[in-house]
1. Which pairs turn up if I take residues in region 17-38 that are free of Cβ contacts under 8 Å to residues at least 24 places away in the same chain and look for partners that are assigned to a loop (DSSP other than H, G, I, E, B) with beta carbon separation below 6 Å, at least 6 apart in sequence or on another chain?
2. Output the residue which, of all residues in region 108-143 that are of a type in the set (D, E, K, R) and under 14 Å from the mean Cα position of the chain (by Cα), is farthest from SER72 (Cα to Cα).
3. Look at TYR89 and say whether it is among the aromatic types (Phe, Trp, Tyr), open to solvent by less than 20 Å² (accessible area, probe 1.4 Å), in contact with a Phe, Trp or Tyr (Cβ under 7 Å, 6 or more places away or on another chain) and assigned to a strand (DSSP E or B).
4. With the requirement that a residue be under 21 Å from ALA31 (Cβ atoms), open to solvent by less than 70 Å² (accessible area, probe 1.4 Å), part of a loop (DSSP other than H, G, I, E, B) and out of contact with any Asp or Glu (no Cβ under 9 Å at 6 or more places or on another chain), what does region 95-145 give you?
5. Of everything in region 22-70 that's of a type in the set (Gly, Ala, Ser) and in a loop (DSSP other than H, G, I, E, B), which residue is surrounded by the fewest Cβ atoms within 10 Å (Cβ to Cβ)?
Amino acid sequence: SNRAFIYKTDDGGESWYEVYDSLSLGVLNSAVFIDGVNGIAVGNNGNALYSYDAGESWITSNISPVNLYSVSFYDNLNGLISGANGLFYKTTDGGISWNTVISRNYKNFYSVKFKDNYFAAASGEGGTILLSHNGGFDWTQEQRITNNDLYSIGLTNDFRIFAFGEYGTVIYSNMNKLKMTSD
């Protein structure tokens with residue numbers, strides 16, 4: 001359905017209570033807290049929700065004409081959102097404003113993560129992995145080794161990249177060489 005829900009826990013996940021419910025907002029795909037009180041959730045139809053009170057209440061905003069799939073912040077100012085059709089959105093002011101970044105790769109990117117203020121990675125449709133070495137302003141495509149959609153990406157402290165996708169696909173880097181395992 002197009003109903004959006006947000007639930008919150010105050011006891012480490014033992015119990016949850018609803019803090020947001022919308023019949024018309026659409027699906028929410030990702031949420032992150034920038035610090036202990038400021039959070040953002042993104043979803044379909046370019047919708048974003050902001051919380052300034054540790055998730056107790058949420059304010060809606062629309063920042064894009066396309067679906068938004070993932071949000072990641074390096075610190076309280078620098079953030080990235082990945083979206084449909086190769087679009088990314090970058091903020092340097094904690095999400096007050098977002099600048100559109102066109103990756104020139106017109107796939108849907110389901111996950112984006114910051115490693116530090118400069119290095120970011122994104123994964124998405126058709127096994128596509130993009131890397132940025134300047135905080136998400138420019139993106140380069142890694143060699144594609146699968147056509148399976150990649151729904152989640154992770155980065156380690158030693159710059160290893162892990163991507164997870166459909167049919168049990170797991171891709172990981174080892175010294176800039178991508179490898180794949182699959183169940």
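The values are calculated or read from the model by the stated rules, or taken from the named source; none is laboratory data. No experiment lies behind these values; they were computed from the predicted model shown. Cβ sites come from the backbone with ideal geometry, for glycine too, and all protein chains shown count toward neighbours. Ligands, DNA and RNA are stripped out before the accessible areas are found, and what is left, the full protein with its side chains, is counted by its heavy atoms. Shrake-Rupley method; radii C 1.70, N 1.55, O 1.52, S 1.80 Å.
1. LEU23/ARG3; VAL37/ALA54
2. Here the answer is GLU125.
3. When the stated conditions are applied, TYR89 passes them.
4. Result: GLY95, SER97, TRP98, LYS115, GLY136.
5. GLY36
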